[in-house]
Amino acid sequence: MVSLDSFIVLSQASTGVICIFLCFALGISNLFNAHWVIAFSIVCLVYAPVILFLEVPLLLRICPTSPKFDVFIRKFETNFLRAGLYAAMSAIQWASIAARVTSLIAAAVVLLFAAVFYALAGLKGQAFQGSKTLGGQGVAQMII
């Protein structure tokens, strides 16, 4: 049986990866609206690479990024900071309802789930654990 602690860690990583694909797909699909919801879809598209670099730390080592971007991504090392970032992203997507009700609500819901899982991990006192599958500590150390 899976313990609650293991479930929270698995949920963090899996919802983060789901957010990457969902933000990318929904951002593209909502670009074709003839309404000002396009601004929210562009923001959602921007979230996808930010979350990708956040959840796959190996990419910071192998992709040429600016030092400012690297510093920005590395600010979110703790579960509480990640929860805050995901909550802010979710709130912005929830605001897209003011423009028009679209499928961007799905991105808002999944981003909110990710925020809740990271907040629960922070409340339980768990340190952030990067997955080796997603390029966490173990993989980064193997490259060096």
(request) Calculate one ³J(HN,Hα) per residue across segment 37-54 by plugging θ = phi - 60° into the Karplus curve 6.51 cos²θ - 1.76 cosθ + 1.60, and present them in order as whole Hz with x for glycine and proline. (result) 5, 4, 4, 5, 6, 5, 4, 5, 5, 5, 4, 4, x, 5, 5, 4, 5, 6
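Among Cys63, Cys23, which comes first, then next, by fewest other beta-carbon atoms within 10 Å? Write out the running numbers ahead of the final one.
Details: Cys63 13, Cys23 28.
With the sparsest Cβ surroundings first, the list reads Cys63, Cys23.
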(message) Give me a comma-separated list of calculated 3J(HN,Hα) values for segment 96-113, in order, Karplus coefficients 6.51, -1.76, 1.60 applied at θ = phi - 60°, integers in Hz, x for any Gly or Pro.
(response) 5, 4, 4, 7, 5, 6, 9, 6, 5, 4, 4, 5, 4, 5, 5, 5, 5, 4
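Need the full-extension length gain, Asn33 to Ala127, defined as separation in residues times 0.36 nm minus the C-alpha distance. One decimal, nm.
Details: separation 94, 0.36 × 94 = 33.84 nm, distance 4.13 nm.
Result: 29.7 nm gained on full extension.
Every number in this text was worked out from the coordinates using simple rules, so none of it is lab data. What you see is a predicted model; the values in this text were computed from it and never measured. Ideal geometry is used to build each Cβ from the backbone, glycine not excepted, and the neighbour counts take in all protein chains shown.
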